[in-house]
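The structure under discussion appears below in the form of structure tokens.
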There are 4 protein chains.
Amino acid sequence: MSTKPFGILLVRCQDQKGIVARVASFLHDFGGNIVDSDHHTDRETGDFLMRMVFDLAHFQLSREDIHASFAPIAKIFGMTSTLHFSDSRPRMALMVSKYEHCLVDLLQRQRRGELAVDIPMIISNHSECQFWADRFEVPYCHFPVTPGKKPEQEQQVLEVLHRHQVDVVVMARYMQILSNNFLDTVGCPVINIHHSFLPAFIGAKPYHQAYERGVKIIGATAHYATQDLDEGPIIEQDVMRIGHRDTIDDLVRKGRDLETFVLARAVRNHIEHRVLVYGKKTVIFD
Amino acid sequence: MSTKPFGILLVRCQDQKGIVARVASFLHDFGGNIVDSDHHTDRETGDFLMRMVFDLAHFQLSREDIHASFAPIAKIFGMTSTLHFSDSRPRMALMVSKYEHCLVDLLQRQRRGELAVDIPMIISNHSECQFWADRFEVPYCHFPVTPGKKPEQEQQVLEVLHRHQVDVVVMARYMQILSNNFLDTVGCPVINIHHSFLPAFIGAKPYHQAYERGVKIIGATAHYATQDLDEGPIIEQDVMRIGHRDTIDDLVRKGRDLETFVLARAVRNHIEHRVLVYGKKTVIFD
Amino acid sequence: MSTKPFGILLVRCQDQKGIVARVASFLHDFGGNIVDSDHHTDRETGDFLMRMVFDLAHFQLSREDIHASFAPIAKIFGMTSTLHFSDSRPRMALMVSKYEHCLVDLLQRQRRGELAVDIPMIISNHSECQFWADRFEVPYCHFPVTPGKKPEQEQQVLEVLHRHQVDVVVMARYMQILSNNFLDTVGCPVINIHHSFLPAFIGAKPYHQAYERGVKIIGATAHYATQDLDEGPIIEQDVMRIGHRDTIDDLVRKGRDLETFVLARAVRNHIEHRVLVYGKKTVIFD
Amino acid sequence: MSTKPFGILLVRCQDQKGIVARVASFLHDFGGNIVDSDHHTDRETGDFLMRMVFDLAHFQLSREDIHASFAPIAKIFGMTSTLHFSDSRPRMALMVSKYEHCLVDLLQRQRRGELAVDIPMIISNHSECQFWADRFEVPYCHFPVTPGKKPEQEQQVLEVLHRHQVDVVVMARYMQILSNNFLDTVGCPVINIHHSFLPAFIGAKPYHQAYERGVKIIGATAHYATQDLDEGPIIEQDVMRIGHRDTIDDLVRKGRDLETFVLARAVRNHIEHRVLVYGKKTVIFD
């Protein structure tokens, strides 16, 4: 997307006649050229989801007024809607344990301008990734998890996230399970990378499970973290062919590449407001 | 797509404000629910292309009147537009030489309802595929190419195609190069499958070329036939990994699968009016 | 593989020093040029598996005598070994229910020489595929499954398989679960195609399960049928990307292509004696 | 591969009877268990290539004596052979211009132990990547290319490479064409990454060429640099699907990921002595 600012309007409601026409006319009537639009209707549930991107250059409403002006239309159709601007940079917190591959990849993409986010901090239960935080000059919050003190540690994490008004949390191989309380309280989406092709190999040590089962392909899955472990809405998946010569160590090594680019694609789609969740699923407008 | 009939409106013009809103309103104002819509703007050329699918069930215009009613809008924006109906079955001619794999695949897909077309005839310069024409009960036109008589043979082909008012010709491994005169005269799109990842290995014996070069991946390309051999707009491509153990025969064998499903996907997208050509490129609204 | 005959020696034992050297010397000493060889050691279990292909043209032992001459070596290393000849055509029975896509694909590949097998019959619990049996001129055994009479039907199937001395059974979307008794009695490998990326979506209606879960990729798995449903050793898997626009019908349609070529590759590897089973896994020497 | 040391014997000669048996026996007779072996015969050219990995733990010859002891066998068969040890770390120089993605990826893989090499220096014609050299604590040689002074710059590069006895040079998006003189003099293999699916889009700006042609898939190719630009033996290739929405900037961005992991796989295969070159092709024993 080019550097001139765009508005991104996300809409969800029950399907009904005239939505596309009505929303397109609203934007057009105020001078907004629609540069990208996509919508989807789930024929079984009747859910309608839409994403419209419009040029702000000659738009006749101030940014503050757009949503209010749109409210009556949203009301008619029973829509929930959100409005984003392409030049506002979400604040993305990274959580990591010992493995650095996803972390470094995301830091690098952000540094070279592929991910238009600010990264206020890296949070870890271990000290290993301090090395990378230093090199990328990002603050590192080391909150160890000690026996019986996990709730306290989660409180530390939540306090930091809230203080920095984080918009999205990315678990870049953070090896702790977040409590229901954490997910209820965090107040923003949490993206996780699971190192299997979900729903295959849910839970611990998926590469070991894959090796035992003798599959010919391994996978990785980026999903929103929800209270049901590994059951959250899937954002992105990909796979890689393996063979009988591959040991568990080979699966772990090859899997790192998979995890890295699956998570990167999911994060990019999320921060560009291309991912809409409904029920247990996602729609990706890419 | 379900069995109830839809209108499919394809539009092309120079990009300008308000197109989406205007067209969506047109359809909505006559009672047509938009069930699918997609558009694309080429930022370099300024080309705008759009596909809108709308429910005909309660549409207030007869099929005959839609296009005329739309004409004033098309004129305002300088659009070229075409209108199709999901329940009209295009007439698709298949051309083949000796290799039957693409032919049988397309016949089978049509038979099981994956391709909503009629197949008035198979045309071949060889007799081998008569076997399959008989089994699928499709008329077989055997027009051999004899030395110095190719123009006459092309006339035979054209005569049959015109007589049956064919809407699209698919060269399912037809190993003759069609003359410019043929392409000028045929009067409908011609889809070809080339057995390489174009633009690599243009021309004859691409698997031999691939083998000589030592590539690690082979490909196939479905494209519209134009006067520049192997230079027509690409509809679909796919690839397959190969290794040093693969002989040329192995490439030919593995390539058959590639050719088969690349051509099938291209044909399906074409007949569902998902392929829009502009310049030397295509837009695929899938 | 070219038309001149080869011997294919498959060997399995516990890993120990000198196996490759000893077997290679045996073949060489009798004038057998090794044209292909591959082996694998599972470092965890200590299993050693090897496949050696050798030229029979100047081999000094008759085919009948090779295995007996090899027996002392096999004994020293505690090997189980089997010997095959590239010019002997396995007898492959096809079992099918109503869906014809895998069936027609395998028949076509056999007809064009890609699968060097004889197909003595097609067995089905339905009559639909008689159409294809007639066209490919393969005998069709229609054994319906009637309520409470499944054991009798399986006896009919077994009787036919045994009478024709079938070497391998391929369930080309045969929608009945084979009983333990059947699998115990059949006396040859049974290959099944499951329409999911196992172990995800075991059991019935995997495309429906995939749709419900919102996965971004669907798969298919060819495996040997064992008494644990969908738990047999995996021979081949592949996947295909899907999106939110795909309905269950689309998954079924796209999945047909996946099922078709995953099963075809598994069958080809099996009949070329490239698949060695050990424990719950396979080694594929391709 | 585990940490215990292995010998890796690479062999090339014209195909003839008894090679596998003779070499396997040689290794076995001195107490070397063959843990991995692979070979390939090119049926057209008659080239025979083999890789045998054997356990050094109980091998009865010292490392220094192995090659000399093998010499008589090599002579009989007219072999060229090389011997490597799994615990010797090749010295790999990295050359880079302004783009850092391949560089950082290789540095990271080396740091986490995926690439068992030493990296004595990074060489660049620009200063941008000094940033990363500092962070990874690798010496950075900045040799700018000034008009008319390219031969002098190449001499600087050669001098550094020779002084550090470099075993392999990796052009990690080094945007200068190396002269024939350089390639003749460098004395070790040079691996390059080209940002297209060769032989498509040879030369400059392949992503622009791909965009103009309207391909549906982009690729990257790692190959040995030879005097014929972009014509060297291909080590690894991979591809990625693109669509009409992708601008040239998108191709460049997506292509970075392709380039990164294609080059990483090629480098890993090279340093593990899995790549054998013959003619204009490679054999990859993986």
Counting just the residues of the range A:249-263 that are more than 8 Å from every other protein chain (Cβ to nearest Cβ) and of a type in the set (A, V, I, L, M, F, W, C), which one comes out surrounded by the fewest Cβ atoms within 10 Å (Cβ to Cβ)? A:V252
Test: D:F201 is of a type in the set (F, W, Y), under 20 Å from the mean Cα position of the chain (by Cα), more than 30 Å from A:D134 (Cβ to Cβ) and in the same structural domain as D:E236 (by TED's automatic domain parsing): no
So, B:V138, is that one surrounded by 13 or more Cβ atoms within 10 Å (Cβ to Cβ) and either out of contact with any strand residue (DSSP E or B) (no Cβ under 6 Å at 6 or more places or on another chain) or not assigned by TED's automatic domain parsing to the domain that holds B:L263 (or both) or not? no
Are any residues in the range A:65-103 out of contact with any strand residue (DSSP E or B) (no Cβ under 6 Å at 6 or more places or on another chain) and among the charged types (D, E, K, R), and if so, which ones? A:D65, A:K75, A:D87, A:K98, A:E100
Output the residues belonging to the range D:267-286 that are over 18 Å from D:D47 (Cβ atoms) and more than 10 Å from every other protein chain (Cβ to nearest Cβ). D:V267, D:N269, D:H270, D:I271, D:E272
Exactly one of (1) of a type in the set (D, E); (2) without any contact (Cβ under 8 Å) to a residue 12 or more places away in the chain; (3) under 23 Å from D:R43 (Cα atoms) is unmet by C:D65. Its number? (3)
In the range B:218-238, how many are closer than 21 Å to B:K205 by Cβ and touching a strand residue (DSSP E or B) at 6+ places or on another chain (Cβ under 7 Å)? 12
Only one of these conditions is not met by B:G187: (1) surrounded by fewer than 18 Cβ atoms within 10 Å (Cβ to Cβ); (2) within 11 Å of another protein chain (Cβ to nearest Cβ); (3) modelled with pLDDT of 95 or more. Which number is it? (2)
Expected single match for more than 23 Å from A:D246 (Cβ to Cβ), within 11 Å of chain A (Cβ to nearest Cβ) and modelled with pLDDT under 95 among C:F197, C:F201 is C:F201
I'd like to verify a number: residues in the range A:127-149 that are farther than 21 Å from A:R112 by Cα and in contact with a helix residue (DSSP H, G or I) (Cβ under 6 Å, 6 or more places away or on another chain), how many? 3
Just to be sure I understand, how many residues within the range A:230-255 are more than 16 Å from the chain's Cα centre (by Cα) and on the phi > 0 side of the Ramachandran plot? 0
With respect to the numbered conditions (1) in contact with a strand residue (DSSP E or B) (Cβ under 8 Å, 6 or more places away or on another chain); (2) away from chain B (no Cβ under 14 Å), which one is the sole condition not fulfilled by C:A133? (2)
Filter the range A:224-239 down to the residues that are part of a strand (DSSP E or B) and out of contact with any Ser or Thr (no Cβ under 9 Å at 6 or more places or on another chain) and list them by number. A:V239
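What tally of residues in the range B:23-55 results from selecting those that are of a type in the set (D, E, K, R), within 11 Å of chain A (Cβ to nearest Cβ) and either part of a helix (DSSP H, G or I) or within 27 Å of C:D246 (Cβ to Cβ) (or both)?
Number satisfying all stated conditions: 4.
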Options D:D55, D:D38, D:D134; residue that is among the acidic types (D, E) and in contact with an Asp or Glu (Cβ under 9 Å, 6 or more places away or on another chain): D:D38
Here the qualifying pairs (Cβ atoms under 8 Å; residues six or more apart or on different chains; first in the range D:223-248 and facing chain B (nearest Cβ under 10 Å) and under 25 Å from D:H273 (Cβ atoms); second among the aromatic types (F, W, Y) and not in a strand (DSSP E or B)) come out as D:Q237/D:F197; D:D238/D:F261
Leading residue by the ranking (surrounded by the fewest Cβ atoms within 10 Å (Cβ to Cβ)) among those in the range A:54-91 that are within 25 Å of A:V190 (Cβ to Cβ) and touching a helix residue (DSSP H, G or I) at 6+ places or on another chain (Cβ under 8 Å): A:T80
Scan of the range A:194-224 for residues that are of a type in the set (A, V, I, L, M, F, W, C) and touching a Phe, Trp or Tyr at 6+ places or on another chain (Cβ under 9 Å), ordered by number: A:F197, A:A200, A:F201, A:A210, A:V215, A:I217, A:I218, A:A220
Hits in the range C:94-126 - residues which are buried (at least 18 other Cβ atoms within 10 Å of the Cβ) and touching a His at 6+ places or on another chain (Cβ under 7 Å): C:S97, C:P120, C:M121, C:S124
Of the criteria (1) closer than 20 Å to B:D105 by Cα; (2) assigned to a helix (DSSP H, G or I); (3) among the polar types (S, T, N, Q), which one B:Q209 fails: (1)
Taking the stated definitions as given, is B:A266 within 23 Å of B:D286 (Cβ to Cβ), of a type in the set (A, V, I, L, M, F, W, C) and either surrounded by fewer than 21 Cβ atoms within 10 Å (Cβ to Cβ) or assigned by TED's automatic domain parsing to the domain that holds B:L178 (or both)? yes
With the checklist (1) facing chain B (nearest Cβ under 9 Å); (2) in contact with a strand residue (DSSP E or B) (Cβ under 9 Å, 6 or more places away or on another chain); (3) not aliphatic (A, V, I, L, M) in hand, flag the one item D:Q209 doesn't pass. (2)
Scanning the range C:19-35 for residues that are surrounded by 17 or more Cβ atoms within 10 Å (Cβ to Cβ) and closer than 19 Å to D:F48 by Cβ gives C:V20, C:A21, C:V23, C:A24, C:S25, C:L27, C:H28, C:G32, C:N33, C:I34, C:V35
Among residues of the range B:212-222 being facing chain D (nearest Cβ under 8 Å) and small (G, A, S), the residue farthest from D:A210 (Cα to Cα) is B:G214
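The values are calculated or read from the model by the stated rules, or taken from the named source; none is laboratory data. Just so we're clear, the structure is a prediction, and the values are computed from it rather than from any experiment. As a convention, Cβ positions derive from the backbone with ideal geometry for all residues, glycine included, and neighbour counts pool all protein chains shown.
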